[in-house]
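These notes concern the structure reproduced below.
Please treat every number below as a calculation from the coordinates, not as lab data. Note that this is a predicted model, so its numbers are computed, not measured. Using ideal geometry, Cβ is built from the backbone for each residue, glycine included, and neighbour counts are taken over all protein chains shown.
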Amino acid sequence: MIAAVLLPVAAFLFGIAIPLGWLQPDFGHLSAVITNPVTIILMIIGFIVLIVHSAHRLRYLLYDGLKIKRRTLVGALCYGGAVVASAIMIILVLMAAL
């Protein structure tokens, strides 16, 4: 639920408001906040929750919506993909932050 509330706000701020010049953030302060280890951990946790939630929704879309009845295979592909995507995301966040 937290991801459903905070991520659209972050997407609006960093994807629309700041690039269009509606907000003028102090980039030195923003860089200091983003490179803080607590912020990095919270970002990783938030992204993992988002990825696992997306995999769960995709699994039930395939199972209930498209009537694919191979529960084990669909679950393994969806959650396995979430594990791989989470690992890639952790690497990218750490590379960008350090």
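Values computed for the structure shown
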item: Exposed-site-free run, longest, the chain (rule: trypsin sites (Lys or Arg not before Pro); DSSP loop; at most 15 other C-beta within 10 Å); result: 1-66
item: Sites Lys67 and Ile45 - FRET efficiency at Förster radius 35 Å, r taken between beta-carbons, to 0.05; result: 0.55
item: Radius 15 Å from Cβ of Leu58, net charge of other residues (Lys, Arg +1; Asp, Glu -1); result: +4
item: Computed over the chain: relative contact order in percent, which uses C-alpha pairs under 8 Å that are six or more apart; result: 29 percent
item: Value of D in µm² per second that Stokes-Einstein yields for the chain, Kirkwood Rh from Cα pairs, at 25 °C (0.890 mPa s); result: 158 µm²/s
item: Inter-label distance for Trp22 and Val38, nm, one decimal - labels placed 7 Å from Cα along Cα-to-Cβ; result: 2.9 nm
item: Order of Thr72, Thr35 under a 10 Å beta carbon neighbour criterion, fewest first; result: Thr72, Thr35
item: Residues Ser54, Ser86, Ser31 arranged by fewest to most Cβ contacts within 10 Å; result: Ser31, Ser54, Ser86
item: Hz values of 3J(HN,Hα) by residue in the range 40-48 - Karplus curve (6.51, -1.76, 1.60), Gly and Pro given as x; result: 4, 4, 5, 5, 4, 4, x, 5, 5
item: Zone residues, the range 56-98, relative to Ser31, backbone N less than 16 Å from point 7 Å out along Cα-to-Cβ; result: 96-98
item: Under-5 Å amide H pairs with Ile18, H placed in peptide plane, nonlocal only; result: Leu23
item: Charge tally in the Cβ shell below 12 Å around Cys78, where Lys, Arg are +1 and Asp, Glu are -1, Cys78 excluded; result: +4
